[in-house]
Amino acid sequence: MESIDGHSEACCNIPPIISKGYQHKGKYETIGGGLKTYVTGPADAKTAILIIYDIFGFFPQTLQGADILATSDKEHSYQVFMPDFFEGEPADIAWYPPETEEQKTALYSWFPSRTPQTAVPKIPKILKDIEDVYGKKTWGAVGFCWGGKVISLASGPDTPFKATVQAHPGMIDPADAEKITIPVCMLASKDESLSEVEAWEKALKVEKHVEVFGDQIHGWMSARSDLKDEKVKKEYERGYGIFLGFFAKYL
């Protein structure tokens, strides 16, 4: 697992994490393939980050993460965009983890029309539409859970991204890793299969940073993060610090 030490200390100035009642700093616009999109960070930034959320959509913890990426690095300026791939119909967080038959039925019936593969073809138009409004950008991308799979699939030959990061990705497959052509960072939780994470990392042929947060649950960097728990809050902050360090090095 490769170190990302040596990047500027400026990317570590993360603002205090808000445990409850977070008020987002950005705004919603209809942009990027006509999708409602959360936009945060300086409009004149030449570097942009596309965030692909988890199945629960626009959650406060995920919006706070977007704001962290857009405001914490004083030397590298990022404008951040998070499109609503689910068009107002995210999964209900009450379905997860799916333990009862009712939860399982609801979650499994939601997925078929919203597989990660459905998102990948939309990305080029989303980026073009954003650039038509805000100008040409150098692009990085972030994916959480469902979005992590999207990011893996979108990081192969002819990718529009220069570097990507993902946390607690879903549907980990070494065959995806073999096709990745750009630097990639993956932060796994205790709930991902360690053998799958190791196989995925071994299959990579690019610059990488892969790390397992062994005491964190699937979703700790996005919607399922319990930021009232000081340990979770600390590891949430550390995860975003790693993301920023990786982007500072490779974007």
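Coordinate-derived values only; no laboratory data. All of these numbers come straight from a predicted model, not from anything done at the bench. Cβ coordinates were reconstructed from backbone atoms using ideal geometry, including for glycine residues, and neighbour counts include every protein chain displayed.
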Fill in: Most fluctuating residue given options Q61, Q216, Q103, as computed from a GNM of the chain linking Cα atoms under 10 Å
Q103
Fill in: Net charge of Cβ neighbours under 14 Å - reference A167; Lys, Arg +1; Asp, Glu -1
-2
Item to complete: For the chain, would you read off the P(r) tail past 29 Å as a percentage of all alpha carbon pairs?
Response: 22 percent
Item to complete: Check cross-link reach from K128 to the lysines: straight Cα distance under 23 Å, and skip same-chain residues fewer than eight apart.
Response: K27, K36, K46, K136, K137, K149, K162
Worksheet item: Projected onto the charge dipole of the chain (+1 at Lys/Arg Cβ, -1 at Asp/Glu Cβ, origin at the Cα centre), which of G33, P90, Y22 gives the Cα projection farthest towards the positive end?
Response: G33
Practice prompt. Distance between Cα centroids, the range 179-244 to the range 100-134: provide it in whole Å.
Written response: 21 Å
Item to complete: Kindly provide the helix-only [θ] at 222 nm of the chain, computed as the sum of -39,500 (n - 2.57) over DSSP H runs of four or more divided by all residues, to the nearest 500 deg cm²/dmol?
Response: -10000 deg cm²/dmol
Practice prompt. Might you report the magnitude of the Cβ-based charge dipole of the chain about its Cα centre, with Lys and Arg at +1 and Asp and Glu at -1, to the nearest 20 debye?
Written response: 620 debye
Fill in: DSSP bridge pairs, the chain: antiparallel proportion in percent, nearest 5
25 percent
Response to the item:
So, with points 7 Å from each Cα along the Cβ direction, the T118-I18 label distance in nm works out to 3.1 nm
Worksheet item: How about K104: which aspartates and glutamates have a C-alpha closer than 12 Å to its C-alpha, ignoring those fewer than 8 places off in the same chain?
Response: D92
Worksheet item: Working out 0.36 nm times the residue gap between K190 and K128, then minus their Cα-Cα distance, what length gain in nm do you get to one decimal?
Response: 18.6 nm
Worksheet item: If you stretched the chain out fully between T105 and K228, how much longer would it get, using 0.36 nm times the residue separation minus the C-alpha to C-alpha distance?
Response: 41.2 nm
Discussion item. Classify the range 32-133 from the C-alpha gyration tensor, please: rounded if a/c falls under 1.5, else prolate or oblate depending on whether a/b exceeds b/c.
Written reply: oblate
Worksheet item: For the range 171-251, taking Cα atoms only, what is the radius of gyration to one decimal and the Dmax to the nearest whole Å?
Response: 13.2, 39
Worksheet item: Of K36, K25, K202, which is the most mobile in a GNM of the chain whose springs link Cα atoms less than 10 angstrom apart?
Response: K202
Worksheet item: Taking only the alpha-carbon positions of the range 201-242 and ignoring solvent, what does the Debye formula give for the base-10 log of I(q)/I(0) at q = 0.26, 0.28, 0.34 Å⁻¹?
Response: -0.89, -0.98, -1.26
Discussion item. Tell me the relative contact order for the range 9-250 as a rounded percent, counting alpha carbon contacts under 8 Å between residues six or more apart.
Written reply: 21 percent
Worksheet item: Using the Cβ atoms and a cut-off under 12 Å, what net charge is assigned to the surroundings of A48, where Lys and Arg are +1 and Asp and Glu are -1?
Response: +2
Item to complete: Choose one answer from G57, G21, G88: the residue with the largest mean-square fluctuation in a GNM of the chain with alpha-carbon springs under 10 Å.
Response: G21
Worksheet item: For the residues D92, D84, what sequence is obtained by ranking on other C-beta atoms within 10 Å, fewest first?
Response: D92, D84
